[in-house]
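Novice: Pasting in a structure now, in structure tokens, and then I'll have a few things to ask.
Read the figures in this text as sums done on the coordinates, not as results from a lab. Computed from a predicted structure; not experimentally measured. Glycine also receives a Cβ, built like all others from the backbone with ideal geometry; neighbour counts cover every protein chain displayed.
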Amino acid sequence: MTTKEQITQATIDLTNELGLNGAATSKIARKAGIAIGTLFHHFPTKQELVETVFLGIYGDYVEWLSQKVNEHGVSLKKQLKMILRESIVYWLSKPEKFDFVYQVFYSKYYTESIETRTEALQSEIVSKIKNGVEQKILRTSEAELLSPMIFHSIMTNSRLVISAPSETLRTRYRKEGQRFLWNAIKFTDKPK
């Protein structure tokens with residue numbers, strides 16, 4: 001494992017164990033088995049460390065998700081449903097990485113810089129959401145508002161699924177969460 005990989009893993013482990021505020025850089029260095037100076041050589045600030053680890057994990061997620069939904073011959077509607085389903089499948093298979101990402105999403109470390117870079121990573125998926133709105137598959141809304149609402153809803157549902165105390169409940173939360181979210185975003189021409 002490279003030094004950066006050791007630091008990344010130590011950051012994930014300690015953040016999940018102690019929280020973002022409790023995972024001090026000195027503790028991260030100790031857990032990674034390196035000197036604090038070595039950590040700061042690679043990551044001059046804790047913000048930069050958290051941002052790099054977050055974007056690495058989130059980038060892997062978006063890349064995996066894009067590969068899953070870009071199957072040939074699959075309709076846009078099915079691709080949009082797959083975004084909801086496969087996101088939860090991904091995070092369920094990587095709960096320690098999910099916990100880290102979830103903590104960052106809802107912390108002071110989720111800065112405008114991270115948000116801008118996250119949006120860039122998601123651009124292909126956001127384009128599908130925009131097309132879904134244009135083709136009246138998804139409800140008429142500003143895609144710029146709908147996209148973050150979808151991604152944050154996925155994160156919240158994933159949190160519920162991952163923390164369920166049994167496999168039966170996990171399956172029920174996953175299925176009902178997907179159905180709930182799809183019903184919230186799908187196009188309907190019924191008057192309100």
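Novice: How would you rank 68-78, 171-181, highest first, on the average number of other Cβ atoms within 10 Å across their residues?
Specialist: 171-181, 68-78
Novice: Let me ask something else about it. Could you compute Rg(Cα) / (2.2 N^0.38 Å) for the chain, with N its residue count?
Specialist: Rg over 2.2 N^0.38 Å, computed on Cα atoms: 1.13.
Novice: Label residue 120 and residue 96 with points 7 Å out from Cα along Cα→Cβ: what is the distance between them in nm?
Specialist: According to this spin-label approximation, the distance is 2.9 nm.
Novice: Separate question: Just to confirm a number: summing +1 for Lys and Arg and -1 for Asp and Glu over residues other than residue 167 whose beta-carbon lies under 13 angstrom from that of residue 167, what do you get?
Specialist: +4
Novice: How much length would be gained if the chain were fully extended between residue 75 and residue 60, taking 0.36 nm per residue of separation minus their Cα-Cα distance, in nm to one decimal?
Specialist: Going from the current span to full extension adds 3.0 nm.
Novice: Helix 46-69 versus the longest principal axis of the chain: what is the Cα-based angle in degrees, 0 to 90, to the nearest 10?
Specialist: 30
Novice: So what's the net charge close to residue 158: Lys and Arg +1, Asp and Glu -1, counting the other residues with Cβ under 14 Å from its Cβ?
Specialist: +3
Novice: Between residue 187 and residue 127, what length in nm is gained on full extension when 0.36 nm per residue of separation is reduced by their alpha carbon distance?
Specialist: 19.9 nm
Novice: Dividing the alpha-carbon radius of gyration of the range 86-148 by 2.2 N^0.38 Å (N being the number of residues), what value is obtained?
Specialist: 1.30
Novice: How far, in degrees from 0 to 90, does helix 76-93 lean away from the longest principal axis of the Cα atoms of the chain, to the nearest 10?
Specialist: The angle comes out at about 30 degrees.
Novice: To the nearest 20 Debye, how big is the dipole of the chain about its Cα centre, given +1 on the beta carbon of each Lys and Arg and -1 on that of each Asp and Glu?
Specialist: 800
Novice: Under 11 Å from the Cβ of residue 17, count the other residues' Cβ atoms, weight Lys and Arg +1, Asp and Glu -1, and hand me the total.
Specialist: In short, -1.
Novice: Using only Cα atoms and rounding to the nearest 10 degrees, what angle (0 to 90) does helix 143-162 make with the longest principal axis of the chain?
Specialist: 70
Novice: Checking the a/c ratio against 1.5 first, then a/b against b/c, what shape does the Cα gyration tensor give for the range 45-144?
Specialist: Prolate is the answer for the range 45-144, as a/c is 1.5 or above and a/b outweighs b/c.
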